[in-house]
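I have placed the structure first, in the form of structure tokens, so that the comments after it can refer back to it.
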């Protein structure tokens, strides 16, 4: 039997009143812990060059880098909106785990070897080595725009969701997070960011587990939760509809998600800077595969929380009943409902949610500083090493302030998860297209790359803006029914409804060309850029050019892993135990 949720119609059970001073202390302890790690590395690490400061001297091993990759990838959007997606639309979004696997394999086996072989300081340096400095500049500017905007979204999102339910002050929390994140990024450098991410990753796991375990206790195990999800349509047969106009199907989530996250791990410097900080290519590959385990672990727990949330609220949906004003507030509302009587646990969830924000923002600030120095300053100005270090520090302070201002822009967006995926599609797709074109096609040239980039960016931008003006009708988004039949104590008389903002009647003016699933923005941008770039390169004499083999994915890259494991196996077989001890 599920709990009757708190009601804002009844002042005596306002969930914000259950957020106690102990919860505030837990949240404050997370912030102080992040500051302490930054100060520790500021005092113990000698940053003699800007490279030491921004890249960690390429001396890190795989474990902290893996946790850092996972933490910076797992923003507050995962903590709040993945459970809400499961609650409203069912299990399909959980298939993003398959997309994670595809993304990690391609990033580790195709993109990573190229970057390590070239020993580049910025991901976008590859674009100049492969094409020319103008395409590098264009890629850098596009990256900076999307990173600042996305960081604004993940900075505003948790504060907005938690403000209504826990009473956490909206702009006070946003400003505090931005200032503290900028501080420890600035004083500690990349090593401080990586180890702070490890701390924050631990908090995120603990926060989600606390919610899931408590829900399992309330419902009497996983069985009743699964039964409720099946009866409520949250677990049904997989939808293999190939239509690209459907919001979530097996194909849109797996294919669209794989392209979207590949553009992050393969070409976005926020993630690439992490594994480039490893002391060897082998360690970097390990970090990516360990990170895959972390991503799947957090995804599974978040999906479990979504099913548990539906099981508890299947007969009294707090969104339809008006207890919360937006879907991303359902998860924190759920936390206060089931954990509010345990002081400290709601604070742990808030700390874990804001940990996702801190890790994402710190990654963005450092990456923006790196590309500013490597792509804008060093190629165009003669600057001493000491001045570059000061520029790096100033850049971090500047970008921390800019990201804070972008949180205000994010306040006008509706679905934060969909907005962030759309953003990565508009910019990340075309960028992934020109990187893939250069790495896979020896005949690709700068004229073809620029033509493809321009076409891909323009078309996806047009569709994305059109979809905001003409949103897809409900028969394509398929929101599942939500019930309030057990909310009678609050004088609510509806029984079952699709939320008022998503009426089940198809839109008579169906702008189908704008109804493309937001998860397909990235594949569309990638394929247009890649196809147009390939054709234009052939037309403009790409076959006559000579390209250095180190810039292209080739046979040696394919054989590298095979050769490594073969040598390792042969050495074990041909080295008997007695020979090992003689060698010792």
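The values are calculated or read from the model by the stated rules, or taken from the named source; none is laboratory data. Just so we're clear, the structure is a prediction, and the values are computed from it rather than from any experiment. A quick note on method: Cβ atoms are made from the backbone with ideal geometry, for glycine too, and the neighbour counts reach across all protein chains shown.
Among the residues of segment 72-99, the ones that are more than 17 Å from residue 293 (Cβ to Cβ) and not in a helix (DSSP H, G or I) come to 2 in all. Residues satisfying the criterion are absent from segment 410-425 (criterion: in a helix (DSSP H, G or I), surrounded by 20 or more Cβ atoms within 10 Å (Cβ to Cβ), on the phi < 0 side of the Ramachandran plot and at pLDDT 80 or above).
From the list 560, 567, the one residue that fits, being modelled with pLDDT under 95, touching a helix residue (DSSP H, G or I) at 6+ places or on another chain (Cβ under 8 Å) and surrounded by fewer than 16 Cβ atoms within 10 Å (Cβ to Cβ), is 560. Among the residues of segment 183-199, are any within 18 Å of residue 346 (Cβ to Cβ), assigned by TED's automatic domain parsing to the domain that holds residue 365, modelled with pLDDT under 95 and in a helix (DSSP H, G or I)? No, segment 183-199 has no match at all. Looking at residue 139, is it in a helix (DSSP H, G or I) and assigned by TED's automatic domain parsing to the domain that holds residue 42? When the stated conditions are applied, residue 139 passes them. Remark: residue 115 falls outside the filter, which requires a residue to be in contact (Cβ under 8 Å) with a residue 24 or more places away in the chain, under 30 Å from residue 392 (Cα atoms) and buried (at least 24 other Cβ atoms within 10 Å of the Cβ).
Of all residues in segment 426-452, those satisfying the criterion of being part of a helix (DSSP H, G or I), over 20 Å from the mean Cα position of the chain (by Cα) and either at pLDDT below 95 or surrounded by fewer than 24 Cβ atoms within 10 Å (Cβ to Cβ) (or both) are 439, 440, 446, 447, 450, 451. The helices (runs of 4 or more DSSP H) falling completely within segment 232-317 that include 2 or more residues that are farther than 20 Å from residue 71 by Cβ map to 257-262, 281-313. Here residue 66 does not fit the description of being in a helix (DSSP H, G or I), surrounded by fewer than 17 Cβ atoms within 10 Å (Cβ to Cβ) and in contact (Cβ under 8 Å) with a residue 60 or more places away in the chain.
Would you pick out the residues in segment 453-463 that are within 17 Å of residue 519 (Cα to Cα) and either surrounded by 20 or more Cβ atoms within 10 Å (Cβ to Cβ) or in contact (Cβ under 8 Å) with a residue 60 or more places away in the chain (or both)? Result: 456, 457, 459, 460, 463.
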